[in-house]
Amino acid sequence: MTSSTTGSRLPDRRILFAVLLGVIPLSQFPIDVYTPAIPAMVREFGTTATLVQNSVSAYVLGMSIGLIPVGVVADARGRKPTLLVCLALLAAASIGIALTTDITLLLVLRFVQGLGGCACMVIVYAIAADTVRGRELTALSGWLGASWGLAPVIAPAIGGVLVQFVSWRGIFVLVAALAALAALAVWRLLPETLAPEKASPVRLLAVARVLRAALRRPLFVGLTLVFAAFASAQLLFGVVAPLLYETTLGLPPAAYGVIALLVGAANLGGELATGSLATRISSRALGFSALASFSAGAVVIAASGLFIGPDLVLITVGGMLVMLGCGALCPLAYGLALGLFERNLGLIGGLTSAACYLVVAVTMGAAAGLPDDTQTPLGLIYLGVGVVGTVLLAACLPRARTRSAQRDRRALG
């Protein structure tokens, strides 16, 4: 592999991976860090909880719309310059949010934030696929997922402390500062990993052909749907939980941050499991083990809502089991989907992520209308996701009974 900044030498993988692990959480951090502030923002803006919750949907919609264009530009112009521009956009939008007093402008800026933040996912995974392949790529996807999963772990706790002792506006100042630090690290330390011979000029017809070919591959579509289903389930908890814990159960924001820390730690554990086990056990065994954890959590949440009512311990235990499963399944599906291709990795990663986050945006918009005094609807949705996930995983990760299945299994690592 060649690089525009390193000549014919391979980039130092330790430095490269360290930068990637530091950048990728910034795609998720702006979602999770401010969820404890939702009740306070409702009061300050004098608006409805639904409208403030839709600021999550605005961010996710910006991500989903930006992913494919950002991937295309990164395939044509290089990973590094594209990532730097998007980090600058993320920082600028965050400062704007910290200063605004208008809820409509906040929604617009959240959309712009999403446009910038999407690069922290799609370009990071493209760089990973530039550098490693096969099971090593699946394992690296797990480690990147674990770093990405630090956002749901630590961000709500940080946000809870800031909103209780400073202001919700300080949350977005922090996001801007982190984006600026990431841009500095990318500028100084990240090499360009796109080999010149693999650069793909921006041609709309060529882009359309690549997208059409990808969408005609059932395995790619199935893995993308797995990623979308469980990413939606993962983010859904962060939107519904603050009102359940803070409004219904009466916890202060900082206390909710501690609960979110526990739930996020379970999510991180699932991602670490994918990173450490992907090269040791089959994708099928890993995937269905994660699905079992997710399904158990869905049962706990749904049953407790139907028969007991809002309960801090049961909601938390159920949420941890759900997040453990999501944490393993999301990077597993993403890594396997990206590993099916050799070229146009920014575009393919953008397609996978865009499809996922369009589903997430719809889910978040619908979630804003869920009642905030019971966990029952959340549990029932999770049960439905578990059924869909079972069907998809059975189709995408079949037992190796035929030569064709064996070839698919080898391709999937």
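The values are calculated or read from the model by the stated rules, or taken from the named source; none is laboratory data. It should be emphasised that the depicted structure is a prediction, and the values quoted were computed from it without experimental measurement. No Cβ is skipped: glycine too gets one built from the backbone with ideal geometry, and neighbour counts run over all protein chains shown. For the accessible areas, the whole protein counts, side chains as well, though only heavy atoms, and no ligand, DNA or RNA atoms are used. Shrake-Rupley method; radii C 1.70, N 1.55, O 1.52, S 1.80 Å.
Kindly check whether there is at least one residue in the range 129-136 that is open to solvent by 10 Å² or more (accessible area, probe 1.4 Å) and of a type in the set (Ser, Thr, Tyr).
Checked against the condition, which is being open to solvent by 10 Å² or more (accessible area, probe 1.4 Å) and of a type in the set (Ser, Thr, Tyr), the range 129-136 yields at least one hit.
What about Thr101, is it surrounded by fewer than 21 Cβ atoms within 10 Å (Cβ to Cβ) and outside any helix (DSSP H, G or I)? Lay out the reasoning, then the answer.
Working: surrounded by fewer than 21 Cβ atoms within 10 Å (Cβ to Cβ): yes; outside any helix (DSSP H, G or I): yes.
Answer is yes for this residue.
Using the structure shown, decide if Leu178 is open to solvent by 30 Å² or more (accessible area, probe 1.4 Å), within 30 Å of Val317 (Cβ to Cβ), aliphatic (A, V, I, L, M) and touching a helix residue (DSSP H, G or I) at 6+ places or on another chain (Cβ under 8 Å).
no
Could you please find all residues in the range 129-181 being among the charged types (D, E, K, R) and within 28 Å of Gly71 (Cα to Cα)?
Of the residues in the range 129-181, the ones among the charged types (D, E, K, R) are 130, 133, 135-136, 169.
Scanning the range 129-181 gives Asp130, Arg133, Arg135, Glu136.
Among the residues of the range 31-46, which ones are in a helix (DSSP H, G or I) and more than 11 Å from the chain's Cα centre (by Cα)?
Keep residues of the range 31-46 that are in a helix (DSSP H, G or I), which gives 31-32, 35-45.
Passing the criteria: Thr35, Pro36, Ala37, Ile38, Pro39, Ala40, Met41, Val42, Arg43, Glu44, Phe45.
Give the range 185-230 a look and list any residue that's out of contact with any Ser or Thr (no Cβ under 9 Å at 6 or more places or on another chain), within 29 Å of Pro156 (Cα to Cα) and open to solvent by less than 90 Å² (accessible area, probe 1.4 Å), or say none.
Hits for the range 185-230 are Ala185, Val186, Leu225, Val226, Ala229, Phe230.
Only residues that are open to solvent by less than 10 Å² (accessible area, probe 1.4 Å), under 21 Å from the mean Cα position of the chain (by Cα) and of a type in the set (S, T, N, Q): list them for the range 338-390, please.
Within the range 338-390, Thr352, Ser353 meet the criteria.
Determine which member of the set Ala129, Ala139, Ala183, Ala146 is over 25 Å from Gly339 (Cβ atoms) and in contact (Cβ under 8 Å) with a residue 60 or more places away in the chain.
Ala183
Could we say that Leu67 is among the hydrophobic types (A, V, I, L, M, F, W, C) and open to solvent by 30 Å² or more (accessible area, probe 1.4 Å) here?
Numbers: among the hydrophobic types (A, V, I, L, M, F, W, C): yes; open to solvent by 30 Å² or more (accessible area, probe 1.4 Å): no.
It is false that Leu67 is among the hydrophobic types (A, V, I, L, M, F, W, C) and open to solvent by 30 Å² or more (accessible area, probe 1.4 Å).
Picking from Ala49, Ala74, Ala40, which residue would you name as being surrounded by fewer than 20 Cβ atoms within 10 Å (Cβ to Cβ), farther than 19 Å from Ala361 by Cα and small (Gly, Ala, Ser)? Give the steps one after another, and end with the answer.
Numbers: Ala49 fails: farther than 19 Å from Ala361 by Cα; Ala74 fails: surrounded by fewer than 20 Cβ atoms within 10 Å (Cβ to Cβ).
Among Ala49, Ala74, Ala40, only Ala40 is surrounded by fewer than 20 Cβ atoms within 10 Å (Cβ to Cβ), farther than 19 Å from Ala361 by Cα and small (Gly, Ala, Ser).
Under 8 Å by Cβ, and 6 or more places apart or on different chains, what pairs join a residue from the range 300-326 that is more than 11 Å from Leu378 (Cβ to Cβ) and open to solvent by 50 Å² or more (accessible area, probe 1.4 Å) with one that is at pLDDT below 95 and aromatic (Phe, Trp, Tyr)?
Close Cβ pairs (under 8 Å, with a partner that is at pLDDT below 95 and aromatic (Phe, Trp, Tyr)) amount to Leu312/Tyr245.
Pick out the one residue from Ser200, Ser293 that is within 24 Å of Leu378 (Cβ to Cβ), over 18 Å from the mean Cα position of the chain (by Cα) and among the polar types (S, T, N, Q).
The unique qualifying residue is Ser293.
Looking at the range 112-197, what helices (runs of 4 or more DSSP H) fall wholly within it and have at least 2 residues that are modelled with pLDDT under 85 and under 17 Å from the mean Cα position of the chain (by Cα)?
Per the criteria, 119-131, 134-148, 150-165.
Does the range 51-60 contain at least one residue that is under 28 Å from Leu261 (Cβ atoms), aromatic (Phe, Trp, Tyr) and at pLDDT below 85?
Looking through the range 51-60, none of the residues is under 28 Å from Leu261 (Cβ atoms), aromatic (Phe, Trp, Tyr) and at pLDDT below 85.
Looking at (1) within 22 Å of Leu20 (Cα to Cα); (2) touching a residue at least 60 places away in the same chain (Cβ under 8 Å); (3) surrounded by fewer than 24 Cβ atoms within 10 Å (Cβ to Cβ); (4) not polar (S, T, N, Q), which is the one condition that is false for Leu89?
The failed condition is (2).
For Thr279, indicate whether it is polar (S, T, N, Q) and not in a helix (DSSP H, G or I).
Yes; evaluated as a whole, the condition is true for this residue.
Under the condition of being surrounded by 18 or more Cβ atoms within 10 Å (Cβ to Cβ) and polar (S, T, N, Q), which residue from the range 257-286 is farthest from Gln164 (Cα to Cα)?
Among residues in the range 257-286 that are surrounded by 18 or more Cβ atoms within 10 Å (Cβ to Cβ) and polar (S, T, N, Q), the one farthest from Gln164 (Cα to Cα) is Ser283.
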